[in-house]
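To start, the structure under review is shown below, and the notes come after it.
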Amino acid sequence: MIAIIDYGMGNLRSVRKGFEKMGVEAVVTGKPEQVVQAAGVVLPGVGAFADAMANLRSSGMDEAVHRAVEAGKPFLGICLGQQLLFDASEEWGLTKGLGIFRGRVRRLPDGLKVPHMGWNQAEIQRADPLLEGIPQVSSFYFVHSYYVDPEEQEVVLTRTEYGVRFASVVGRENVYGIQFHPEKSSGIGLRILENFGRMVKKCC
């Protein structure tokens, strides 16, 4: 079973329904012990980075995330959930993140309409099981004002152009992050959730 982390931020039910449409069992939980016991973990989220980190720490979910990642369980961060996987964010000052990926979260360049909202293309940079069956260039639904800037370019799986060419999907070993919302990206986005579910079944 996949545990979808409930830490008070994000449209959790739409993510769960996205998995269910693809025949993947998932449960929303606010219990760290259930996250640690799950076969796979999803960290969704919308809103402010600092508030999200505060909620994760106060609930003990930050430790649960690290334990799940270190155990080799498939892990997926979505939107703000992707950003939280990095060292720090520049939103409203500098806030320390989970530090699973090296790099910072930066604001989209001045002069652009922010948030970046709507459909935009993601171009695959390297093949990965998470992206199986996804065309080289595909459109997904974005809602964000900040983007991840990885120090290690080898973790970048797709890039998207919006004032800056940013990493829209990152991945290394068992951990992935997606800036767009797969659960709101029609069949192409649901295929990514299905791929993740398949990875969980193979792993655990």
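Net charge within 9 Å of Val24 by Cβ-Cβ distance, Lys/Arg positive one each and Asp/Glu negative one each, not counting Val24 itself?
Surrounding charge for Val24 is 0.
Once phi is turned into ³J(HN,Hα) by the Karplus curve 6.51 cos²θ - 1.76 cosθ + 1.60 with θ = phi - 60°, what whole-Hz value does each residue of region 168-176 show in order, with x for glycine and proline?
Working through the residues one at a time gives 9, 9, 10, x, 8, 6, 9, 10, 10 Hz.
Scan around Leu76 for amide H atoms under 5 Å from its own, H built in the peptide plane at 1.01 Å from N, and keep only partners 5 or more places away or cross-chain.
Counting only residues 5 or more places away or on other chains, the set is Val41, Val42, Leu43, Tyr176.
With the contact rule set at Cα under 8 Å and sequence spacing of 6 or more, what percent relative contact order holds for the chain?
Normalised by residue count, the contact order of the chain is 21 percent.
Summing +1 for each Lys or Arg and -1 for each Asp or Glu, what net charge is found among the other residues whose Cβ lies under 11 Å from the Cβ of Cys79?
0
Modelling each spin label as a point 7 Å along the Cα-to-Cβ direction, I'd like the Glu132/Lys21 distance in nm, to one decimal.
So the label points at Glu132 and Lys21 sit 2.1 nm apart.
Given the rule -39500 (n - 2.57) for each run of at least 4 DSSP H residues, summed and divided by the residues of the chain, what is its mean residue ellipticity at 222 nm, to the nearest 500 deg cm²/dmol?
Theoretical 222 nm ellipticity from helices: -8500 deg cm²/dmol.
Students often check this: by mean Cβ neighbours within 10 Å, which of 93-99, 153-159, 2-8 ranks highest, and how do the rest follow?
Going by the mean number of other Cβ atoms within 10 Å, highest first, we get 2-8, 153-159, 93-99.
Return the carbon/sulfur percentage of the accessible area of region 39-191, one whole number, probe 1.4 Å, all protein chains in place.
The value for region 39-191 is 48 percent carbon and sulfur by accessible area.
Using a probe radius of 1.4 Å on heavy atoms only, what accessible surface per residue do you get for region 102-204? Whole Å² is fine.
Result: 46 Å² of accessible area for each residue.
I'd like the Karplus ³J(HN,Hα) series for region 190-204: coefficients 6.51, -1.76, 1.60, θ = phi - 60°, whole numbers in Hz, and an x wherever there's a Gly or Pro.
5, 4, 5, 4, 4, 4, 4, x, 5, 5, 5, 4, 5, 6, 10
Can you flag which of Lys17/Lys73; Lys31/Lys96; Lys21/Lys96; Lys21/Lys73 are past 32 Å Cα-Cα?
Violating the 32 Å limit, Cα to Cα: Lys21/Lys96.
5 Å is the cut-off here: which amide hydrogens, built 1.01 Å from N in the peptide plane, fall below it relative to Val28, excluding neighbours closer than 5 in sequence?
Ile4
Mean-square fluctuation check for the chain, GNM, Cα pairs under 10 Å: which of Leu80, Leu112, Leu12 is largest?
Checking each option, the largest mean-square fluctuation is seen for Leu112.
The values are calculated or read from the model by the stated rules, or taken from the named source; none is laboratory data. This structure is a prediction, so every number in the text was calculated from the model and none was measured. Every residue, glycine as well, gets a Cβ built from its backbone with ideal geometry; the counts of neighbours run over all protein chains shown. With ligands, DNA and RNA removed, areas are computed over all heavy atoms of the protein, side chains included. Shrake-Rupley method; radii C 1.70, N 1.55, O 1.52, S 1.80 Å.
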